[in-house]
Amino acid sequence: MNKSIKQLFLTLCFSLTALSAQAELQSLDKIVAIVDDDVITQSDVDNKLKQIMSNLNKQKRPMPAEEEIAKQVMDRLILESLQLQLARRAGVHISEEQLTSAIDNIAQRNGVTLQEFRLRLDKDGLDYHQMREQVRRDMTMQQVQQGHLRSNIQISDNDIASFLQSAEGKAMTTTRYHLSHLLLPVDEGSSKAQIKKAEKTLAQLRSDILAKLQRFDSFVQGKSYKKQPISGADLGSRSFDDLPSLFAEVASQMQAGEISKPVRSGAGWHLLKMNNISGTAKVVHQTHARHILIKLSEVRNESQATRQINALYERLQKGEDFTLLAKEYSEDPGSALQGGDLGWSMPGQFVPAFEKTLAALAIDEVSKPFKSQFGWHIMQKLAERDHDMTQDSQKNQAYQALYERRFSEELDSWQLKIRSEAFIELK
């Protein structure tokens, strides 16, 4: 075989091998549905099936028929595709910072660090990067849903008042205590010395728990401590009237996360742990402040912004009016027309640099220029107060409950609508 024929033969072999591999890949990842301008592939279905099967196994729930799961997966992927296409057309974008923050929150809700969360995913056979992209898709769809449905949901003051008077509303806003307890039993005929010894044992256990040498929850299902049997229970979330009278008196004096001193009952000595308190009165420390903002921009660099904010600070130090300077120079569109007035704010409302500076100021004190992610600021603290927001909090709870209920109803109708209007072809 001469050289040119040999070269042609090798080229054909490589081409056929590549075509064969491509054909095999297409057969493995074939298109299973066309949804408007998008397609759903077999790998999309397989990946979603894997996630669902893993979740069902972890939750030890009965496994539905494979055909039923496959149908649900296809329905979900179709709706997901339609909503993501709407998002692309509307220019919805989830930044890397938003995505990372959301995943951090997921890890925190599971009581683990981000690194521990990734290890759990690996253990369950789930890919972290695929999970991350799914979270991005979910956040994108949530923005699309909110954008389309928010204007359809109208909740009036009368709706809120009626809800708060209903049995559901009263149950939601009544103070409820989520308690767990541990019991070191004491026999009825025990001597005073034995009773005192049991109290000291439980007091030592409390000290060990507070010092993080022991875990409260590990004793709930039964465990020995200093050769003494300890048992317990999670009492769940209950109103004051639904708690055992002895526990209710102690619970009403506790804060969330607190562990009581030993409490005596006819059965022995108890430790109570306040897991959570809900529906309680809400008093919030608020701060009233105003500020001037100078932003960095394409026409103003760091040096120019620094010079301008320092010049404004000098004018304030010489006695010029804060309100007038803010109206003329501040570049915060939300407060400039009000002379920089930010109104009453709650803790956590502002970015960290702002919160830190505000906390350090005395009443009427004007800060030196400081920088945040938005630019350079000068701030003045005008007043502070402890504001009872119990009623506001209850109204917000009622509004949120009504909004979520109506949003769910509107979402079902809207998703049926966009599906009915779409071109969908199953292969």
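The values are calculated or read from the model by the stated rules, or taken from the named source; none is laboratory data. What you see is a predicted model, and the numbers here were worked out from it, not measured in a lab. Cβ atoms come from the backbone with ideal geometry, glycine included; neighbour counts cover every protein chain shown.
Tabulated data for the structure shown
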item: Of all residues making up the range 48-72, the number that are out of contact with any helix residue (DSSP H, G or I) (no Cβ under 9 Å at 6 or more places or on another chain) and part of a helix (DSSP H, G or I); result: 8
item: Pairs, first in contact (Cβ under 8 Å) with a residue 12 or more places away in the chain in the range 251-266, second part of a strand (DSSP E or B) and β-branched (Val, Ile, Thr), C-beta under 7 Å, six or more apart; result: ALA256/ILE277
item: Meets criteria (farther than 30 Å from ARG300 by Cα and exposed (fewer than 15 other Cβ atoms within 10 Å of the Cβ)) for MET346; result: yes
item: Residue in the range 364-382 that is nearest to GLU97 (Cα to Cα), counting only those that are in a strand (DSSP E or B) and more than 31 Å from the chain's Cα centre (by Cα); result: ILE378
item: Residue within the range 387-408 that is surrounded by 12 or more Cβ atoms within 10 Å (Cβ to Cβ), not in a helix (DSSP H, G or I) and not acidic (Asp, Glu) present; result: yes
item: Strands (runs of 3 or more DSSP E) within the range 211-266 that include 2 or more residues farther than 17 Å from ALA198 by Cβ; result: 228-239
item: PRO333 in contact with an Asp or Glu (Cβ under 8 Å, 6 or more places away or on another chain), assigned by TED's automatic domain parsing to the domain that holds LYS381 and either farther than 22 Å from ASP386 by Cα or surrounded by 12 or more Cβ atoms within 10 Å (Cβ to Cβ) (or both); result: no
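To keep it simple, each residue is scored yes or no on (1) surrounded by 10 or more Cβ atoms within 10 Å (Cβ to Cβ); (2) among the polar types (S, T, N, Q); (3) more than 33 Å from the chain's Cα centre (by Cα); (4) modelled with pLDDT of 75 or more.
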site	(1), (2), (3), (4)
CYS13	yes, no, yes, no
LEU16	yes, no, yes, no
LEU19	yes, no, yes, no
GLN22	yes, yes, yes, no
LEU28	yes, no, yes, no
ILE31	yes, no, yes, yes
ILE40	yes, no, no, yes
MET53	yes, no, no, yes
